[in-house]
Amino acid sequence: MHLAVFCRVMKEMRMDKFKGYRCSLCNTEYLPGQVTYTCPQDGGNLDVVLDYDAIRQKFQPEDLTCRAEDSLWRYLPLLPVPDPGGEGTPIRAAGWTPVFTLTRLAEKLGLEHLWLKDESRNPTASFKDRASAVVVARAREIGAEVVVTASTGNAGAALAGMSAAIGQKAVIFAPKSAPPAKVAQLLVFGAKVILVDGTYDEAFDLTIKAAQEFGWYCRNTGYNPFTAEGKKTAALEIWEWYNQKKEWMTEHGESVSDVPLTVFVSVGDGNIISGMHKGFKDLLALGWMEKMPRIIGVQAEGSAAIANAFHAGTEKIIPVSAKTIADSISVDLPRDGGRAVRAARGTGGTYIQVSDEEILQAIAALGPLGIFAEPAGATAYAGLVRAVGQEIVKAGDPVLVLNTGSGLKDVRAAMQAVAAAPVIEPTLEAIKRIL
Ligand SMILES: *Cc1c(COP(=O)(O)O)cnc(C)c1O
Ligand SMILES: [Zn+2]
């Protein structure tokens with residue numbers, strides 16, 4: 001462990017570190033006020049450009065890791081938004097999720113080190129809180145009255161929850177087929193909820209039109225450059241956690257691998273994986289991390305546009321007609337596909353596809369460890385099982401899988417992963433018969 005490190009008070013943590021945006025397709029750079037969403041020339045996703053020199057001059061890693069802030073806001077010095085406030089509300093509880101050691105599953109798979117970062121512990125029970133918290137901070141900064149998003153459910157629940165926390169108005173467009181628990185969250189958080197008789201992709205395009213028409217600020221995943229900045233905080237947490245873990249292991253005489261961590265991420269639009277890649281790239285650029293982790297994306301076979309592109313050796317995404325039980329990653333045309341391909345290609349990773357059957361098996365495998373994942377949440381673990389079978393992951397590789405969402409989000413799917421409970425008459429004889 002680091003010994004007590006002098007923690008500087010950081011009043012103005014934003015400084016002028018937010019330099020603007022760079023298009024991920026044509027590399028054109030824009031100033032912060034010049035564009036809002038995607039590249040005006042080619043529609044490419046925009047990367048937020050940070051002033052690494054300015055950050056390095058002001059901060060050392062310890063200035064972040066010693067902060068008494070148990071949320072993603074501990075990384076404010078690396079975020080392009082000001083502090084949104086909201087002390088004592090759920091927006092201050094986004095991120096900083098626990099990492100569990102999966103000893104029994106590691107043994108079963110023949111791995112030495114296997115961990116799971118449980119994103120279902122976020123305030124609205126999915127990874128999406130990270131993106132929504134940062135977008136809400138941006139909305140507050142630019143004085144947006146209404147924030148709107150298209151969502152398969154979780155992004156909307158996260159935007160509704162984070163907005164509710166600080167009294168921001170939110171409008172959510174979701175496909176009417178979204179699981180009822182997710183729709184219930186949207187409604188209970190007090191967002192204006194509009195269910196679209198169509199797919200997520202149709203809701204996505206409609207949301208952009210509505211935002212233009214009514215002057216709303218649009219959070220759409222990948223379309224808004226700040227979603228990836230929020231999602232990168234998971235990478236920052238993994239970096240901080242793994243450094244500590246390695247120190248702890250060394251102190252306790254456990255072997256520590258030189259091989260970088262392999263991280264498994266389930267992929268729909270591709271924004272979690274590209275956001276995490278950005279987080280790791282920021283750390284490398286700052287000189288705060290030595291080796292880039294290997295990032296492996298996992299898609300459902302029935303919704304695999306990004307995996308298809310990766311294996312075809314291109315960043316050009318051909319839409320599919322998505323069909324999978326994992327509703328959160330059911331996407332015809334991924335909105336962050338190019339950067340998602342790069343996240344795996346640029347880190348020595350790959351893409352894996354899994355069937356709905358394997359996803360249900362993954363839910364059933366994680367449950368007995370006390371981890372309750374929705375289908376898209378368990379998908380990363382299903383990918384690991386495949387990767388071990390194909391020797392993409394070797395025994396000594398340290399591995400971390402994400403669980404991106406809670407099983408409570410979709411209990412219908414959960415019930416398909418397990419055998420039904422027997423129903424009996426209230427007698428001892430009846431118990432004996434079924435035991
Ligand atoms: C959104 C989501 C994903 C995938 O994230 P993308 O950015 O769309 O790739 C995975 N799991 C869950 C639970 C999600 O809600
Ligand atoms: Zn461009």
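The values are calculated or read from the model by the stated rules, or taken from the named source; none is laboratory data. Keep in mind that what you see is a predicted model, and the values were worked out from it rather than measured. Here Cβ is always computed from backbone atoms with ideal geometry, including for glycine, and neighbour counts include all displayed protein chains.
If you go through segment 165-211, how many residues are closer than 20 Å to Val134 by Cβ and out of contact with any helix residue (DSSP H, G or I) (no Cβ under 8 Å at 6 or more places or on another chain)?
Of all residues in segment 165-211, those closer than 20 Å to Val134 by Cβ come to 165-172, 185-186, 189, 191, 204, 207-208, 211.
The next check asks that each one be out of contact with any helix residue (DSSP H, G or I) (no Cβ under 8 Å at 6 or more places or on another chain); those that pass are 167, 204, 207-208, 211.
Residues meeting the conditions: 5.
Would you please name the residue that is modelled with the highest pLDDT, looking only at residues in segment 387-419 that are among the small types (Gly, Ala, Ser), closer than 26 Å to Ser126 by Cα and more than 16 Å from ligand 1 (Cβ to nearest atom)? Lay out the reasoning, then the answer.
Taking segment 387-419 and keeping what is among the small types (Gly, Ala, Ser), we get 387, 389, 395-396, 405-407, 413-414, 417, 419.
The next check asks that each one be closer than 26 Å to Ser126 by Cα; those that pass are 387, 405-407, 413-414, 417, 419.
Pick out the ones that are also more than 16 Å from ligand 1 (Cβ to nearest atom) and you get 387, 419.
On the way: Ala387: 98, Ala419: 95.
Ranking the candidates gives Ala387 first.
Scanning segment 246-285 for residues that are surrounded by 20 or more Cβ atoms within 10 Å (Cβ to Cβ) and part of a loop (DSSP other than H, G, I, E, B) yields a total of 5.
Condition check ((1) closer than 30 Å to Glu374 by Cβ; (2) free of Cβ contacts under 8 Å to residues at least 40 places away in the same chain; (3) not small (Gly, Ala, Ser)) across all residues:
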position: Pro40; (1), (2), (3): no, yes, yes
position: Asn45; (1), (2), (3): yes, no, yes
position: Glu69; (1), (2), (3): yes, yes, yes
position: Pro82; (1), (2), (3): no, no, yes
position: Thr97; (1), (2), (3): yes, no, yes
position: Glu107; (1), (2), (3): yes, yes, yes
position: Gly110; (1), (2), (3): yes, no, no
position: Ala137; (1), (2), (3): yes, no, no
position: Thr149; (1), (2), (3): yes, no, yes
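Do any helices (runs of 4 or more DSSP H) entirely within segment 32-143 hold 3 or more residues that are under 18 Å from the mean Cα position of the chain (by Cα) and under 22 Å from Met276 (Cβ atoms), and if so, which? Working first, answer last.
Values: elements: 52-58, 61-65, 103-109, 129-142.
It comes to 129-142.
Taking the stated definitions as given, is Glu251 within 30 Å of Ala395 (Cβ to Cβ) and either outside the structural domain of Thr404 (by TED's automatic domain parsing) or under 23 Å from the mean Cα position of the chain (by Cα) (or both)? For Glu251, the condition - within 30 Å of Ala395 (Cβ to Cβ) and either outside the structural domain of Thr404 (by TED's automatic domain parsing) or under 23 Å from the mean Cα position of the chain (by Cα) (or both) - is not met.
Among the residues of segment 392-423, those identified as surrounded by 12 or more Cβ atoms within 10 Å (Cβ to Cβ) and farther than 24 Å from Lys128 by Cβ are Ile392, Val393, Lys394, Ala395, Gly396, Asp397, Pro398. Residues in segment 134-154 that are out of contact with any Phe, Trp or Tyr (no Cβ under 8 Å at 6 or more places or on another chain) and farther than 19 Å from Thr36 by Cα: 1 in all. Please determine whether any residue of segment 202-220 is more than 29 Å from Ile371 (Cα to Cα), without any contact (Cβ under 8 Å) to a residue 40 or more places away in the chain and polar (S, T, N, Q). Yes, segment 202-220 contains a residue that is more than 29 Å from Ile371 (Cα to Cα), without any contact (Cβ under 8 Å) to a residue 40 or more places away in the chain and polar (S, T, N, Q).
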